[in-house]
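The structure under discussion appears below in the form of structure tokens.
Bear in mind that the values in this text are calculations on the coordinates, not laboratory data. A quick note: this is a predicted structure, and the numbers were derived from the prediction, not measured. All Cβ positions, glycine included, derive from the backbone under ideal geometry; neighbour counts span all protein chains shown.
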Amino acid sequence: ELLNYWYAPEQEFGLAVRTGWAMLRSLGFLLLIGHVKRGRVVLAGDALSLINPFTGEGIFYALRSGALAGAAAADVPGAAARRYADALRRRLGTHLRHSSAAAWLARRRWVVDAAVRAARRDERVYRTVVELGLGDGRLDVRTLARIGAGLPRRP
């Protein structure tokens, strides 16, 4: 209940920013914040629990969400929350879904081993995995195919 109270932005803070938080909570990467002000507040970075479910990294999200929040507030202050939520969804929504899928796959050692082998053999796979973990990358068909090709065969 306490988490629902803290993270009900559209009810408590006039925001509709839910990009990724429920997904992150289900993967055990939720960061708790100790103090939340009520009123006209826009949350960003760790305060919004924006962390990479694949790596646990968060500085990229802090910088990106802070920039998006500032741009939304500077452009049309009265509509900042809605514009910010839309911008977050556009900029990070697909990436968060892809990094959550990668986190789910990474729970299997044999998948991680296949990914490491694929990244060692193919620079593009390496760059895709790094960008997924440290930036706003996405899994692509080519990368998944290269990783899949290295999975152990079942008899």
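Observations
- Taken one residue at a time, the phi angles of the range 56-71 give Karplus couplings (6.51, -1.76, 1.60, θ = phi - 60°) of x, 6, x, 5, 4, 5, 4, 5, 5, 5, x, 5, 5, 5, x, 5 Hz. Gly and Pro are set to x.
- Annotation: extensible slack from VAL41 through GLU123 equals 25.3 nm (criterion: 0.36 nm per residue apart, minus Cα-Cα distance).
- Under the simplified labelling scheme, the LEU134-LEU63 pair shows an inter-label distance of 1.1 nm, with each label point 7 Å from Cα along Cα→Cβ.
- Taking the Cα centre of the range 57-155 as reference, the dipole from Cβ charges on Lys and Arg (+1) and Asp and Glu (-1) amounts to some 540 debye.
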